[in-house]
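One structure is given below, encoded as structure tokens.
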Amino acid sequence: MHLVFLGAPGSGKGTQASLLVKELGYSHVSTGDLLRNEIKKGSTLGNKVSDVIKSGKLVDDSLVLELLKANCDLSNNKYIFDGFPRNIEQAKALESEILSSHFSRAIYFELDLGVLKERLINRRMCKDCGDIYNLISKSPSVPGKCDSCGSSNLYQRDDDKEETVGKRLDVFKETIDPVLEFYKETDRLFVVDASHESASVFKAIEKAVKP
Ligand code: AP5
Ligand code: MG
């Protein structure tokens, strides 16, 4: 069964995805990571989307869909889609153009949006391996150094600056309801309380995905 992670910016999708990869053998694809990688490479696509991401708006559906198609391989029957779909058009495209007959279930990371600003502004990421930290809730053991790969390249995402975070949360509020309804209608929506500490959220997801 494949998983579709739905949730506001900062709700913990990437953090939990990396735990499911390590502990339960899932593969993970994040459209945000794919887009940031294009920007890092300086590709034509990266240059096109850089300002959109910095502004906190969504990138054009067809661009993201093509990028996702080129970067997912469903031969592992346990895939996590993180950050896709963001709107109802993407939800339908994921079913018809990528998953087709594969079964999937959505996990919604439910959380009071008020706490997200603080999570996002305090997030730091490793430029080399993508590990996710937080200056308040999950600081690296040695300040400024990645616990996983030892790199000193911890950085703040451009779109985690205070001025962009509010816009990202607004976009989320405007687009999420039809997506939740889409999975609810087919009885494939599982809601987790994402306000708890990371280990408890993981346990709740583990329960949801057990056969
Ligand atoms: P994307 O990279 O997908 O960002 P997002 O959805 O906004 O989500 P985040 O990555 O910010 O949060 P997360 O839920 O992964 O939280 P995390 O685990 O890191 O997208 C970025 C941009 O790309 C978009 O704005 C858009 O422009 C574009 N884009 C991407 N996909 C697109 C698409 N499909 N269509 C169009 N455009 C697209 O955790 C956050 C912080 O909280 C961390 O510091 C972490 O340590 C901490 N934390 C995590 N869990 C907990 C916990 N339980 N308790 C306390 N702290 C916690
Ligand atoms: Mg993420």
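The values are calculated or read from the model by the stated rules, or taken from the named source; none is laboratory data. Predicted, not measured: the structure shown is a model, and the values here were computed from it. Don't worry about glycine lacking a Cβ; one is built from the backbone with ideal geometry, like all the others, and counts go over all protein chains shown. For the accessible areas, the whole protein counts, side chains as well, though only heavy atoms, and no ligand, DNA or RNA atoms are used. Shrake-Rupley method; radii C 1.70, N 1.55, O 1.52, S 1.80 Å.
Can you check what the net charge comes to around Ile39, using other residues whose Cβ is under 13 Å from the Cβ of Ile39 (Lys, Arg +1; Asp, Glu -1)? Every neighbour counted, the sum reads +2. The heavy atoms of Cys126 present about 0 square angstrom of accessible area, all protein chains included, probe 1.4 Å. Think of it this way: in the chain, Cys72 stand alone, with no other Cys Cβ under 4.7 Å.
DSSP bridge analysis restricted to the range 23-142 gives an antiparallel fraction near 50%, rounded to the nearest 5.
Residue-wise HN-Hα couplings along the range 154-168, as the Karplus relation 6.51 cos²θ - 1.76 cosθ + 1.60 with θ = phi - 60° gives them from phi, are 8, 9, 9, 4, 4, 8, 9, 6, 3, 5, 8, 4, x, 5, 4 Hz; Gly and Pro carry x.
Between Ser96 and Lys145, the simple spin-label model (points 7 angstrom out along Cα→Cβ) gives 5.3 nm.
Tyr108: net charge of surrounding residues, Cβ under 15 Å, Lys/Arg +1, Asp/Glu -1, itself excluded? Present the calculation step by step, with values, prior to reporting the outcome.
On the way: positive: Lys13, Arg86, Arg105, Lys173, Lys184, Arg188, Lys207; negative: Asp82, Glu110, Asp112, Asp177, Glu181, Glu185, Asp187, Asp193.
Local charge sum for Tyr108: -1.
Taking the chain as the region of interest, what is the percent of Cα-Cα pairs per 10 angstrom bin, listed from the shortest bin to the one with the maximum distance? Over the chain, the share of Cα pairs per 10 Å bin runs 8, 35, 41, 16, 1 percent.
I need the semi-axes of the equivalent ellipsoid of the range 93-152: take the C-alpha gyration tensor, multiply each eigenvalue by 5, square-root it, list largest first in whole angstrom. Before the final figure, lay out each step's value.
Details: eigenvalues 200, 69, 15 Å².
Value: 32, 19, 9 Å, ordered largest first.
The residues Lys41, Lys138, sorted by heavy-atom accessible surface at 1.4 Å with ligands and nucleic acids left out, run Lys41, Lys138 from largest to smallest. Mind checking which of Ser96, Ser151, Ser141 has the largest fluctuation in a GNM of the chain, springs on alpha carbons under 10 Å? Checking each option, the largest mean-square fluctuation is seen for Ser141. Spin-label model, Asp187/Glu89: points 7 Å from Cα along the beta carbon direction are separated by 3.2 nm.
Under the criterion of Cα pairs below 8 Å and six or more residues apart, the relative contact order for the chain equals 30 percent.
Rounded to the nearest 10 square angstrom, Lys161 shows an accessible area of 70 square angstrom against a 1.4 Å probe.
Couplings 3J(HN,Hα) of the range 192-205, computed from phi: 10, 7, 8, 7, 6, 5, 3, 5, 6, 4, 4, 4, 5, 5 Hz, in residue order, whole Hz [Karplus 6.51 cos²θ - 1.76 cosθ + 1.60, θ = phi - 60°; x for Gly and Pro].
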